[in-house]
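Beneath this line is the structure, given in structure tokens, with notes to follow.
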Amino acid sequence: MGKTQIKNNIRTLRFFHDEMTQQALAEKVGVTRQTIIALEQEKYSPSLELAFRIALAFDEPLTSVFSYGPSRRF
Amino acid sequence: MSFQQKNVTVSLVNFLLILGFYLIRVTQLIRTESFTLDKIIWVWISIAVIAVVVTIIGTILTHIISAIIEFVKTGNEDPKIEDIEDERDQLINLKGTRVTYTMYSLFVFLAMLTYAFGQPALVMFTLLILCGVLAQIVGDIYRLNLYRRGF
């Protein structure tokens, strides 16, 4: 349990999208705010479908949002 | 705390109360030496009825209290409660259910062992419902742990 191997840049991308709130992102991708919190804290690995929906919400390719293993964040 | 997490907490409290009721009732039956099969069947029925009623009341109260808290926080007279169940909730539920069934299988096996080792069937029946309640409690604790620590 604890941190997953899937890293993400959701917090950074929210910042660059006019400081989008967690609630707004949650509503956009159809999950609860708690799931977005868990994703940002890397306590939950999303399904492939949810990962694509998040990438679409930011209008970014999947690999810009998610990466596997220890990787550098922008 | 999400709505689903609150529901699991309510379920845990329900089953802890039911466990307490069950233990008190069985202890009373043993003390008054009226520990018979028909009395235990009545305890089974009352446990089932209490579990259903308390779960329904608990869910309704969770909705009402969530709405009150949301109203106090936002001042919105028509508060929106985030009671959707997303993929994370479903996954946690599945994992919790798996733990509940595994524990129940193990407990039932242990209860049957008492019969195999010469104890009366009454003891096995008494333990069976205790096993169900305990398995549900373990499953709920596991669910809450997954919500808190992640996976």
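Brief remarks on what is shown
- For segment B:112-151, filtered to residues that are of a type in the set (S, T, N, Q) and touching a residue at least 24 places away in the same chain (Cβ under 8 Å), the residue that is nearest to A:K43 (Cα to Cα) is B:Q136.
- Any chance B:D83 is open to solvent by less than 90 Å² (accessible area, probe 1.4 Å), part of a helix (DSSP H, G or I), touching a residue at least 40 places away in the same chain (Cβ under 8 Å) and not β-branched (V, I, T): no
- Picking from residues in segment A:17-33 that are of a type in the set (S, T, N, Q) and more than 12 Å from the chain's Cα centre (by Cα), the one that is farthest from A:E49 (Cα to Cα) is A:T21.
- B:Y22 being of a type in the set (S, T, Y), open to solvent by 80 Å² or more (accessible area, probe 1.4 Å) and within 18 Å of B:F125 (Cα to Cα): no
- The single condition among (1) within 14 Å of another protein chain (Cβ to nearest Cβ); (2) assigned to a helix (DSSP H, G or I) that B:F151 does not satisfy is (2).
- Output for segment A:40-63, where each listed residue is open to solvent by less than 30 Å² (accessible area, probe 1.4 Å) and either of a type in the set (F, W, Y) or in contact (Cβ under 8 Å) with a residue 40 or more places away in the chain (or both): A:Y44, A:P46, A:I54, A:F58
Per-residue answers, yes or no, for (1) among the charged types (D, E, K, R); (2) assigned to a helix (DSSP H, G or I):
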| residue | (1), (2) |
| --- | --- |
| B:E33 | yes, no |
| B:I45 | no, yes |
| B:V53 | no, yes |
| B:L61 | no, yes |
| B:I64 | no, yes |
| B:I68 | no, yes |
| B:K73 | yes, yes |
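- Taking helices (runs of 4 or more DSSP H) as the structural unit, those lying wholly within segment A:5-74 and holding at least 2 residues that are out of contact with any His (no Cβ under 7 Å at 6 or more places or on another chain) and within 13 Å of another protein chain (Cβ to nearest Cβ) correspond to A:22-29, A:33-40, A:48-58.
- Checked across segment B:118-140, the condition of being in contact with a Cys (Cβ under 9 Å, 6 or more places away or on another chain), farther than 16 Å from B:Y22 by Cβ and not acidic (D, E) holds for no residue.
The values are calculated or read from the model by the stated rules, or taken from the named source; none is laboratory data. Nothing here was measured: the structure is a model prediction, and the numbers come from that model. So basically every Cβ, Gly included, is an ideal-geometry build from the backbone, and we count neighbours across all protein chains shown. Side chains included, ligands, DNA and RNA excluded: accessible areas come from the protein's heavy atoms. Shrake-Rupley method; radii C 1.70, N 1.55, O 1.52, S 1.80 Å.
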